[in-house]
1. What Kirkwood radius, in Å to one decimal, follows from the Cα pairs of segment A:107-242?
2. Under the Kirkwood approximation applied to all pairs of distinct alpha-carbon atoms, what is the hydrodynamic radius of segment B:184-239 in Å?
3. Mean projection of the alpha-carbon convex hull of segment A:98-158 over all orientations, in nm²?
4. Once you have the Kirkwood Rh of segment A:12-86 from its Cα pairs, apply Stokes-Einstein at 37 °C and 0.692 mPa s and quote D in µm²/s.
5. Ordered by residue, what ³J(HN,Hα) values in Hz, to whole numbers, does segment B:182-193 give under the Karplus form 6.51 cos²θ - 1.76 cosθ + 1.60, where θ = phi - 60° and Gly and Pro are x?
6. In what order do A:Y152, B:Y249 fall by count of nearby beta-carbon atoms within 10 Å, going from fewest to most?
7. Just to be sure I understand: with springs between alpha-carbon atoms less than 10 Å apart, which residue in B:L149, B:L141, B:L121 has the highest mean-square fluctuation in the Gaussian network model of chain B?
8. With just the Cα atoms of segment A:177-326, tell me how far they stretch along each of the three principal axes, in Å, largest first.
Amino acid sequence: MIPVLDVRGVSVRIRLPGDRYVYAVDDVSFTVNPSEVVAIVGESGCGKTMLAMSILGLLPAGAEVTAGEVRLGDEDLRRATPARMRDVRGRQIGTIFQEPMPSLNPVLTIGRQIGEVLERHERLPSRSARARAVELLDLVGIPDARRRVDQYPHEMSGGMAQRAMIAMAIACKPRLLLADEPTTALDVTIQAAILRVIDDLRRQLDVAVVLITHDLGVVADVADRVLVMYAGRAVEQAGVLDLFAAPQHPYTLGLLGAVRHPTRTRPRSRLAEIPGIVPTMLAPATACAFAPRCPRADNRCRTELPRLEVLRPGHAAACFHPGAGG
Amino acid sequence: MTSTTLAVTMVRGPGVVRRLIARPPTAIGLFVASSVILIAIFAPVVAPFAPAANDFEAILSPPTGTHLFGTDELGRDILSRVMWGARASMQAGLLATLIAVAVAVPVGLLAGYYRGVLDTLVMRVTDALLAFPFLIIAVGLAAILGPSLLNATVAIGIVQAPKLVRITRGEVLSLREESFVHAAVADGAPDRSVIFRHILPNAINVLLVQATVILPFAILAEATLSFLGLGVQPPTPSWGVMLTAAQPYLGIAPWFAITPGLAILVTTLSFNLVGDGLRDVLDPRLER
């Protein structure tokens, strides 16, 4: 089976004033199979969003991909022309952003914004584009879509707006949906509904999903596989059940410890935390970046770079002392 | 259904015009400004006399029943000349504003969106132009192009452009970092669609308000240039030309200068009031 998305050894660095660089993404590889949801998890500043933007070829000024390949099907997107990339964006890869409201143009109706994507990529005349927009709004669970299609973003709630964003992202039946923190800005109750929409769509439309999040609750809900990132590197990769049942990397273990568990946690007990913060990588890593915060760290961790190693089929971790034990 | 329709109407608000009229100063401005425009258009019909018709029985006559605002040094009816003069003022005001917008908005859009060398170049040129006092450039341009209403109008438009370039560029700079612009790019929108469908419509309010600031300024500038002999040429009436002609008679026939002077004051003031109202009604940062 050819994966929908195959990211191979991608590195991204960001130029700072004075010819210094931040090594935001360092040698990250992962694949996404058809109708699979792969979650990329990590704290703020671990390079999740930079990784996503490098897939779209939309890194901000000063950031560049220095190594690796991004393959969509059998096409290497890093070699694609700007015109080809414009065609890929919106048509092959749909994108959902964190904040739905500011991501919608305030002066255009929802229908026109969805229609614009269809007119651009599928050359639909505006009348049929509008009809399609109504169908799409219906598909993402917006009630009374026929009326909503003529509304402006400010007439919608955050949850509605995010559904509209999703409708826009799937308008051209993309092969891949890139969702960057799609539920972070929403109420908890709305979060669940939006995740259900995404989950339904990947079944109905056979679309593969890359879900970027820092929320392990979201991961447990919808992801099939998980990539845990720390300081720009992949530290653990596993199926979602394996990851939650037997996390191997001490960082993953720490992340899980920091989640409130509704049944197991005693009331008022303090959540476990990982001391310290994610370091900013001003030089390419030569040792385990997590070592300064890691209870298992020894001399080897501080001098040698652990590679992602397969511990058992479908489960890999970049750690010299892997194991589920505390 | 009715209640939802009602809710929708409440959120989107009644039409811009109705919200404008709801403000007394704006309503007055709107009334006066549109009256002046109508008078300019229908001057041949509404003016009691032809602008060049001499009444040698009444030279420098004070206001009378026949000549409501008196006559000038050649016995021409001042009210009629002010009405005809509105044509020059409106033409200069509207055309100069249009020229400024036509030059400045595209330049500002491109400079703000593409940044880089183009932006630096545009900004240094506008800096240089803004450093000159308005009159120096306008007089220089009018002198080079030759004195005529059209040339004066072009000069005014060009002089007004740099400020509008900066404002447009500033708007674009902030809008291009908005999430919805990034989202449009991520949906594969080409530059022209990002600029014209996503950025420009969101900047239009600010630009519209700015245009209503330029308009009264252009009216005043036309009067100034005509006063200096660089705009409308006599005997064609214009408020500026009338002021020039009235200057020697200020002591003995004050109505001669006061009438065109008042016309300038009232017209510019009314357009400014409309501009203020538009800003309040349209600017989402003030409204929502």
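1. Computed over segment A:107-242, the radius equals 15.9 Å.
2. Working: mean 1/r = 0.0695 Å⁻¹.
With all distinct Cα pairs of segment B:184-239 included, I get 14.4 Å.
3. Average projection, Cα convex hull of segment A:98-158: 4.2 nm².
4. Roughly 241 µm²/s, to the nearest whole number.
5. My calculation for segment B:182-193 gives 4, 5, 4, 5, 5, 8, x, 5, x, 3, 5, 6 Hz in order.
6. With the fewest neighbours first, A:Y152, B:Y249 line up as B:Y249, A:Y152.
7. The residue with the greatest mean-square fluctuation here is B:L121.
8. For segment A:177-326, the Cα extents along the three principal axes come out at 49, 39, 32 Å.
Here, each number is a calculation from the coordinates, and none is a lab measurement. Every value quoted in this text rests on a predicted model; they were computed, and no experiment measured them. FYI the Cβ positions are ideal-geometry reconstructions off the backbone, even for glycines, and counts take in every protein chain you see.
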